[in-house]
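J.: Got a structure for you, questions after.
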Amino acid sequence: MKVAIVGASGAVGQEFLRVLDERNFPLDELVLFGSPRSAGTKYTFRGKDIEVKLLQHNDDFRGVDIAFTSAGAGTSKEYAEDITRFGAVMIDNSSAFRMDDDVPLVVPEVNAADAKQRPRGIIANPNCTTIQMVVALKAIEGLSHIRRVHVSTYQAASGAGAAAMQELYEQYRQVLAGEPVKVEKFAYQLAFNLIPQIDVFTDNGYTKEEMKMFNETRKIMHSDVRVSATCVRVPALRSHSESIWVETERPISVEEAREAFARGEGLVLMDNPAEKEYPMPLFLAGKDPVYVGRIRRDLANDNGLTFWIVGDQIKKGAALNAVQIAEYLVREGDI
Ligand SMILES: NC(=O)c1ccc[n+]([C@@H]2O[C@H](COP(=O)([O-])OP(=O)(O)OC[C@H]3O[C@@H](n4cnc5c(N)ncnc54)[C@H](OP(=O)(O)O)[C@@H]3O)[C@@H](O)[C@H]2O)c1
């Protein structure tokens, strides 16, 4: 098994190296790709130094079985043909192909089998906020069909990449040192602030990130559910949090929901208000599952339920989800 990572130097690329090792992914050879910025840099994987190659329009993907790509939508679009030409399965973390009819959009806990139908050899990894939300929604959908979702997200700085995480550190240091604050990766200073905008605005007043949650959830869950989202950048470093209200066809009791979350695949129930136990991003960075807590009946809707989730968006929201897709294909003998 020959595996490639495109965008190895990035926040998600680095997580791929950790996740592949941690999960003992059955690979014989790993090749890394990047732009001229990181080409030549060496990263250690299973005790061996691997040099990042420059991504080019050439035959470098001959013999590659799986390519994990996390180098932005533009790069994925530009190089998809080079990557898949010799039969590699491209599991793409960008938004480039997610809504294309001939590209499956997969969260293994929800719709693993969709990964088998990939006419272009491309499988898309959904948006990070959507991945962690649908893992939780799946548990409720098993009890009663979800008609509507309202969600507010609290998204960590690292969702915007490795440099954005560094910028947040720097901004806190600059504020405390009384220095001018440098703003490059976000629209405004994020340290000591919240920014109610992630990605650009669309014509209906929602941002692209918010519309991804609407569209991608329907595609992954094969559902007519309507998702209304407000996505907010918060000065946490890693792990996204979401406050979710669902409306189901029949009312779901808190007890039923707790049981469903407790046995839900990829979920951990962390809901003990008496002991102040609920999920928080600071303590859950680097963990695999999506954590669920603060489960309550919705006081404004008889068929409503509300809860809070936290998941590491670089892990389950990106690298881990992609590796789980690859593991599924290996198990199914489909790669
Ligand atoms: N961060 C998250 O939480 C998250 C979650 C889900 C999905 N994603 C998606 O994953 C992708 C990467 O995100 P990230 O957070 O890892 O960003 P990042 O930290 O900024 O890293 C970007 C990576 O892309 C590479 N790259 C950029 N242009 C390239 C080119 N022309 N050719 C080859 N490599 C190129 C960079 O390599 P150089 O260093 O060589 O330039 C770097 O390795 C994005 O599409 C993002 O939307 C991110």
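J.: So which of Gly40, Gly10 is within 14 Å of the ligand (Cβ to nearest atom) and touching a residue at least 24 places away in the same chain (Cβ under 8 Å)? Walk me through it before giving the result.
T.: Working: Gly40 fails: touching a residue at least 24 places away in the same chain (Cβ under 8 Å).
After ruling out the rest, the residue left standing is Gly10.
J.: Sticking with this one: I want to confirm something. Restricting to the range 36-62 and keeping residues that are in contact with a Leu (Cβ under 7 Å, 6 or more places away or on another chain) and outside any strand (DSSP E or B), which single residue is farthest from Lys315 (Cα to Cα)? Steps first, please.
T.: Taking the range 36-62 and keeping what is in contact with a Leu (Cβ under 7 Å, 6 or more places away or on another chain), we get 36, 39, 43, 45, 50, 52-53.
With outside any strand (DSSP E or B) added as a condition, the list becomes 36, 39.
Values: Pro36: 26, Ala39: 24 Å.
Per the criteria, the residue is Pro36.
J.: Restricting to the range 1-31, count the residues that are surrounded by 15 or more Cβ atoms within 10 Å (Cβ to Cβ) and over 24 Å from Ala285 (Cβ atoms).
T.: 7
J.: Need the failing condition index for Val89 against (1) crowded, with 20+ Cβ neighbours inside 10 Å; (2) within 16 Å of the ligand (Cβ to nearest atom); (3) touching a residue at least 60 places away in the same chain (Cβ under 8 Å); (4) over 29 Å from Phe261 (Cα atoms), just the number.
T.: Condition not satisfied by Val89: (2).
J.: Sticking with this one: Which ones in the range 70-86 are more than 8 Å from the ligand (Cβ to nearest atom) and either part of a loop (DSSP other than H, G, I, E, B) or under 16 Å from Val106 (Cα atoms) (or both)? I'd like the intermediate steps shown before the answer.
T.: Initial filter on the range 70-86 (more than 8 Å from the ligand (Cβ to nearest atom)): 77, 80-86.
Scanning the range 70-86 gives Arg85, Phe86.
Residue-wise test of (1) assigned by TED's automatic domain parsing to the domain that holds Ala113; (2) out of contact with any Asp or Glu (no Cβ under 9 Å at 6 or more places or on another chain); (3) in contact (Cβ under 8 Å) with a residue 12 or more places away in the chain.
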position: Gln155; (1), (2), (3): no, no, yes
position: Lys182; (1), (2), (3): no, no, yes
position: Gln197; (1), (2), (3): no, no, yes
position: Glu210; (1), (2), (3): no, no, yes
position: Arg218; (1), (2), (3): no, no, no
position: Ser228; (1), (2), (3): no, no, yes
position: Val234; (1), (2), (3): no, yes, yes
position: Leu237; (1), (2), (3): no, yes, yes
position: Glu247; (1), (2), (3): no, no, yes
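J.: Would the range 218-230 turn up any residue that is outside any strand (DSSP E or B) and of a type in the set (Asp, Glu)? Talk me through it step by step, then tell me what you get.
T.: First pass over the range 218-230, keeping only residues outside any strand (DSSP E or B): 218-225.
Narrowing the set further to residues that are of a type in the set (Asp, Glu) leaves 224.
Scanning the range 218-230, I find at least one residue that is outside any strand (DSSP E or B) and of a type in the set (Asp, Glu), so the answer is yes.
J.: Across the range 281-335, which residue is nearest to the ligand (Cβ to nearest atom) among those that are in contact with a strand residue (DSSP E or B) (Cβ under 8 Å, 6 or more places away or on another chain) and of a type in the set (Gly, Ala, Ser)?
T.: The extreme case among them is Gly317.
Here's the yes/no breakdown for (1) over 18 Å from the mean Cα position of the chain (by Cα); (2) among the hydroxyl-bearing types (Ser, Thr, Tyr):
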| site | (1), (2) |
| --- | --- |
| Tyr79 | yes, yes |
| Arg85 | yes, no |
| Ser94 | no, yes |
| Pro104 | no, no |
| Ile122 | no, no |
| Asn125 | no, no |
| Cys128 | no, no |
| Val134 | no, no |
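J.: Do we have any residue at all in the range 278-285 that's buried (at least 23 other Cβ atoms within 10 Å of the Cβ), outside any helix (DSSP H, G or I) and modelled with pLDDT of 95 or more? Break it down into steps so the answer makes sense when it comes.
T.: Applying the first criterion (buried (at least 23 other Cβ atoms within 10 Å of the Cβ)) to the range 278-285 yields 279.
The next check asks that each one be outside any helix (DSSP H, G or I); those that pass are 279.
Retained after the next criterion (residues that are modelled with pLDDT of 95 or more): 279.
Yes, the range 278-285 contains a residue that is buried (at least 23 other Cβ atoms within 10 Å of the Cβ), outside any helix (DSSP H, G or I) and modelled with pLDDT of 95 or more.
J.: Still on this structure, please answer the following. Go through the residues of the range 49-64 one by one and say whether even a single one is among the aromatic types (Phe, Trp, Tyr) and under 30 Å from Arg233 (Cα atoms).
T.: Going through the range 49-64, the residues among the aromatic types (Phe, Trp, Tyr) turn out to be 61.
Those left that are additionally under 30 Å from Arg233 (Cα atoms): none.
Among the residues of the range 49-64, not one is among the aromatic types (Phe, Trp, Tyr) and under 30 Å from Arg233 (Cα atoms), which makes the answer no.
J.: Still on this model: Among Val103, Val135, which is the only one that is surrounded by 20 or more Cβ atoms within 10 Å (Cβ to Cβ), of a type in the set (Val, Ile, Thr) and part of a loop (DSSP other than H, G, I, E, B)?
T.: Within the list Val103, Val135, the selection yields Val103.
J.: Is there a residue in the range 123-134 that is more than 16 Å from the ligand (Cβ to nearest atom) and in contact (Cβ under 8 Å) with a residue 40 or more places away in the chain? I'd like the intermediate steps shown before the answer.
T.: Of all residues in the range 123-134, those more than 16 Å from the ligand (Cβ to nearest atom) come to none.
No, the range 123-134 contains no residue that is more than 16 Å from the ligand (Cβ to nearest atom) and in contact (Cβ under 8 Å) with a residue 40 or more places away in the chain.
Each row is one residue, and each column tells you yes or no for (1) surrounded by fewer than 20 Cβ atoms within 10 Å (Cβ to Cβ); (2) at pLDDT 95 or above; (3) within 16 Å of the ligand (Cβ to nearest atom).
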site: Ser94; (1), (2), (3): no, yes, yes
site: Arg120; (1), (2), (3): yes, yes, no
site: Gly142; (1), (2), (3): yes, yes, no
site: Val149; (1), (2), (3): no, yes, no
site: Gln166; (1), (2), (3): yes, yes, yes
site: Gln171; (1), (2), (3): no, yes, no
site: Leu190; (1), (2), (3): no, yes, yes
site: Leu194; (1), (2), (3): yes, yes, no
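The values are calculated or read from the model by the stated rules, or taken from the named source; none is laboratory data. Just so it is clear, the model here is predicted, and its values are computed rather than measured. Quick reminder, even Gly has a Cβ in these numbers, built from the backbone with ideal geometry, and neighbours come from all protein chains shown.
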